[in-house]
Amino acid sequence: MTDKLEKSSAGVPPEDTPPVSKDSEFSGPPEAIKAIPVRHWGRWVSGVVVVALLALLVNAFANGDIQWGTVGDKVFDSTVIAGAGRTLLISILAMVLGVVLGVVLAVMRLSKNPVTSTVSWLYIWFFRGTPVYVQLLMWFNLALIFPMLNLGPIYKDEMTDVMTPFMCALLGLGLNEAAYMAEICRAGLLAVDEGQTEASHALGMSHSKTLRRIVIPQAMRVIVPPTGNEFINMLKTSSLVYVVTYNELLRSTSVIGSSSFAVMELLFVASIWYLVMTSIFSVFQYYLERHYARGSSRSLPPTVFQKIRANLFGSSRSKA
């Protein structure tokens, strides 16, 4: 053992050390591993099954007793377009009312004042616990218990003149949406670290200014995604205002379908318009979420065109 140590210290390799060949010193990099990709047969089988079922479904509707020419003729009918416009109008106004009132209710719910927090909780409990269809009927039949709206010297009129179909639809959808938006806003406000509020108070900022400049801008990235989903849901829920005789998209198409004996065809027309509106606002929602994701992620999610470009040219670039 001591002999080996002496030889190694003197620069002489030990006797039991294998000689190093010259070929191994100047040999190139190791050969590339020939990786064989795993074949996912289940994906191909499931894809074929789905395509076959989709083809059967399309064939069933194509051969059904449906006048597709009527669908094409009525898509851009002036009455249908006017109904779609009223659907869009009532959805936007109800969503604005729901967002504004929802923010107020969320702040009240988080308040340390037991009266305001209790009132906010009761509001949310009632409007989330009852169907929006029932609430629309309650607003529509409010004149049965309050025949006259008397606000003293400010305003006085019969309830039937006040509660028009438009007003019933606006209050029914907007006040119901406010209950859900209150919980969404409350979750967003609670997602902001309390240290942000404490630091702003230490700088002398008031509570309202702290909410407006510090808390709410940071809470937006949590509030925006579910708010977009709520608005898309509002576009579809607006069809329930049919019950209060508001002439929106579904009612417009139903009237035309009943008079022309093309009920199913006009329901397809209404579905096409609902799909168009929800698809457009889904794109807006994506870019809005992408805008507010700048402060929370290092790289922004790709846009639709970037995804298409990556799928089309990504493999060729990687090979190059």
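Things worth noting here:
- Meeting the requirement of 3 or more residues that are under 30 Å from A270 (Cβ atoms), touching a helix residue (DSSP H, G or I) at 6+ places or on another chain (Cβ under 8 Å) and among the β-branched types (V, I, T), no helices (runs of 4 or more DSSP H) wholly within the range 88-191 can be named.
- On inspection, L122 qualifies as without any contact (Cβ under 8 Å) to a residue 60 or more places away in the chain and over 30 Å from L250 (Cα atoms).
- Looking only at residues in the range 105-164 that are aromatic (F, W, Y) and under 15 Å from E183 (Cβ atoms), the one that is surrounded by the fewest Cβ atoms within 10 Å (Cβ to Cβ) is W125.
- Selection from the range 194-207 of residues that are in contact with a helix residue (DSSP H, G or I) (Cβ under 9 Å, 6 or more places away or on another chain), part of a helix (DSSP H, G or I) and not β-branched (V, I, T): Q196, A199, S200, H201, H207
- If only residues of the range 161-209 that are polar (S, T, N, Q) and closer than 23 Å to T227 by Cα are counted, the one that is modelled with the highest pLDDT is N176.
- If you check I90, I145 for being β-branched (V, I, T) and under 28 Å from I232 (Cβ atoms), only one passes: I90.
- Qualifying residue in the range 243-252 (condition: at pLDDT 85 or above and under 28 Å from L189 (Cβ atoms)): no
The values are calculated or read from the model by the stated rules, or taken from the named source; none is laboratory data. For clarity, every value in this text was computed on a predicted model and none was experimentally measured. Note that each Cβ is placed from the backbone with ideal geometry, even for glycine, and that neighbours are counted across all protein chains shown.
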